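Heads up: the structure comes next, in structure tokens.
The values are calculated or read from the model by the stated rules, or taken from the named source; none is laboratory data. Everything numeric in this text was worked out from a predicted model, so none of it was measured. FYI the Cβ positions are ideal-geometry reconstructions off the backbone, even for glycines, and counts take in every protein chain you see. Quick note on the areas: whole protein, heavy atoms, side chains included, nothing else; ligands and nucleic acids left out. Shrake-Rupley method; radii C 1.70, N 1.55, O 1.52, S 1.80 Å.
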Amino acid sequence: DTEFVTPARLSPEATERAAQAAVTAHRALGLRDLSRTDLIIDPQGEAHFLEVNVAPGFTETSLFPQAISAASLDLGTICRDLLLTRFP
């Protein structure tokens with residue numbers, strides 16, 4: 001069994017570095033709309049890139065909806081907004 005903790009138990013500084021690493025990877029790969037970046041945070045709080053998932057799952061046990069919830073956002077609203085970017 002794996003336990004996912006959302007939001008991650010990180011310092012605000014490590015959280016910001018992780019967010020910046022994810023945005024950097026997303027942009028460097030030329031991605032659009034959504035992606036999920038997996039990182040490892042070392043004991044010094046530095047983010048180390050593992051991979052980007054360009055088709056994250058949307059089930060209740062998937063990481064993407066857990067991240068949306070941890071950010072105090074609504075998954076339905078996110079899905080609607082994604083659809084509206086493609087079908088205005």
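Going through the stretch 1-78, which trypsin sites (Lys or Arg not before Pro) have at most 15 other Cβ atoms within 10 Å and a DSSP loop state? Show your work: numbers first, answer last.
Values: sites: 9, 17, 27, 32, 36; in loops: 9, 32.
Qualifying residues, ordered by number: 9, 32.
Name the GluC sites (Glu not before Pro) in the stretch 42-88 that are in a loop by DSSP and that have at most 12 other C-beta atoms within 10 Å, would you?
Details: sites: 46, 51, 60; in loops: 46, 60.
Within the stretch 42-88, the qualifying GluC sites (Glu not before Pro) (loop, at most 12 other Cβ atoms within 10 Å) are 60.
Only Cα pairs under 8 Å and at least 6 apart count here; give the relative contact order of the stretch 1-53 as a rounded whole percent. It would help to have the intermediate numbers written out before the result.
Working: 50 pairs, mean separation 17.6, N = 53.
Answer for the stretch 1-53 is 33 percent.
Taking the chain as a Gaussian network, Cα atoms linked when under 10 Å apart, which of 73, 31, 50 shows the biggest mean-square fluctuation?
50
Could you tell me which residue out of 31, 10, 66 lies farthest along the dipole of the chain toward its positive end? Charges go on the beta carbon: Lys and Arg +1, Asp and Glu -1, centred on the Cα centre.
Comparing the listed Cα positions along the dipole, 31 ranks first.
With all protein chains present, calculate the accessible area of residue 42 using a 1.4 Å probe and round the result to the nearest 10 Å².
40 Å²
Rg and Dmax of the stretch 1-73, Cα atoms, in Å?
Considering the stretch 1-73 through its Cα atoms, Rg and Dmax are 12.3, 34 Å.
Using the Cα centre of the stretch 22-88 as the reference point, and only Cβ charges (+1 on K/R, -1 on D/E), how large is the resulting charge dipole? Debye, rounded to the nearest 20.
Numbers: 5 positive and 8 negative charges, 67 e Å.
Dipole of the stretch 22-88, to the nearest 20 debye: 320 debye.
When the accessible area of the chain is computed with all protein chains present and a 1.4 Å probe, what percentage of it is carbon and sulfur?
Numbers: 3650 of 6490 Å².
Here carbon and sulfur together make up 56 percent of the probe-accessible area.
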